[in-house]
Amino acid sequence: MEKYRFVIVGTGWRAMYYVRIAKALPDVFELCTMLSRSEEKAKRIRDEYGISCTTSEEECLSRKPDFVVVSVAKTAGAETAMHWLDKGCTVLLETPAGIDKETLLELSKREEQGQKLVVAEQYTRYPQYSALLKLVKKGIIGEVNYLNISLAHEYHGASIMRALLGINADTGFSVYSRTYTFPTAETLTRYEEIVDGRVSGKNRTVALFEFENGKTAVYEFDSEQYRSPIRRKTYKLQGIRGEIIDDHVCYLDAANHAAEAELEIESRVIETNDSNPNLRYIKEISSISFRGEVLYEPPFGLCGLSDDETAIAMLMKETAEYSKGSCNSPYPLREALLDSYMSIMMKESQEQGRIIFNK
């Protein structure tokens, strides 16, 4: 099989996810090189990871990648993406698409000009969430009309919310949002475990989204939920014929009798010996089933990738195929721009203390 070739612009925490994917799937992806802002950092990357890293844009372009991953600071992401789009590259941009409305409008114009930009919104491709979406689309709980979601922040949360409720980019909505600060024990950062019991104020955002088609979502998330072992991610999804709460399904069967069942998840835990506590153990899902029907199997087989990395790998593959013209965009830009716009609207509602309407 022909490998999908890519370049990474950026050398930070998030950029290294793409490095791990390339190393785990060498028959699928070829990392041509990384682009660093400094020769010192480029040398460290070369020495530590044994991969190509350069400070030259010309060298990146000379490798003729199928797509360019832009993984830089949020404030520079859209501008950097447009820079590479103008060079004729297909770009896979780390979220968010943009942090203000003007940027979102500018990105929309780029698509109209025929440039190919994919925003790396991967959450609906997570094993558990992709299986959940398949189950919902089968109609097990009927049409879904209410969601309480505490799974991911801002634009990621908006993406999952819209997917589970079946909300498209044309549906008007309103949002009322507030942020609260609560004392919370610190447990884990990106790089280290905290065990001294320190407590600090952590923000929890709560937002009510009301859509013009009558569907409603309550969004909540706090800054500790991604890593903290004492802050669980959770959801409640209600439909006409039942509900799903954290993989437990209550529904009416074909004879309209009440029934209950669990999403059955099989997984393995891999010890990596990484010094970073976030990477020391990887839980890799091998299958997800409901009443004997398989809803998810790893698209690349068992290869030692986390849920997040597996989802990103799928986006990478589909972005490469989109670049070659063999398929449509894996996540239409209009949808990605709406995710970011919903995040911006949440913040505006918090700041203004009022309901914000989008028609």
### Computed P(r) (all Cα pairs; segment 45-91; 5 Å bins; percent)
5, 19, 25, 25, 17, 8, 1
#### Entry: Spread of Cα-to-Cα distances over 10 Å intervals beginning at zero, given as percent, for segment 209-278
14, 29, 32, 17, 7, 0
### Extent along principal axes [Cα atoms of segment 215-359; Å; largest to smallest]
47, 47, 42
### Task
Just report the Cα centroid separation between segment 67-101 and segment 330-359, whole Å.
19
### Query
So what's the angle, to the nearest 10 degrees on a 0 to 90 scale, between helix 101-112 and the longest Cα principal axis of the chain?
70
### Query
Once you treat every alpha carbon in the chain as an equal point and sum by Debye, what is log10 I(q)/I(0) at q = 0.11, 0.12, 0.15 Å⁻¹?
-0.83, -1.00, -1.51
### Most to least packed among 152-163, 12-23 [average Cβ atoms within 10 Å]
152-163, 12-23
### Task
Inverting the mean 1/r over all pairs of different Cα atoms, compute the Kirkwood radius of segment 126-312 and quote it in Å.
18.3
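Based on the mean of other Cβ atoms within 10 Å per residue, sort peptides 194-203, 179-188, 64-73 so the most packed one is first.
64-73, 179-188, 194-203
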### Query
Quick one: if the Förster radius is 35 Å, what FRET efficiency do D253 and V218 give, using the C-beta to C-beta distance and rounding to 0.05?
0.80
## Note on the structure
Partner lysines whose C-alpha sits under 17 Å from that of K283, ignoring same-chain residues fewer than 8 away, are K233
### Task
List the equivalent ellipsoid semi-axes of segment 121-216 in whole Å, largest first, each obtained as the square root of 5λ for an eigenvalue λ of the Cα gyration tensor.
31, 18, 11
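Give me the one-decimal Kirkwood hydrodynamic radius in Å for segment 4-120, with the sum taken over alpha-carbon pairs.
14.4
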### Task
Compute the projected area of the convex hull of the Cα atoms of segment 63-137, averaged over all viewing directions, and report it in nm² to one decimal place.
6.5
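Each reported figure results from applying straightforward, stated rules to the coordinates on display, with no laboratory input. What you are looking at is a predicted structure, and each value in this text was computed from that prediction instead of being measured. Every residue, glycine as well, gets a Cβ built from its backbone with ideal geometry; the counts of neighbours run over all protein chains shown.
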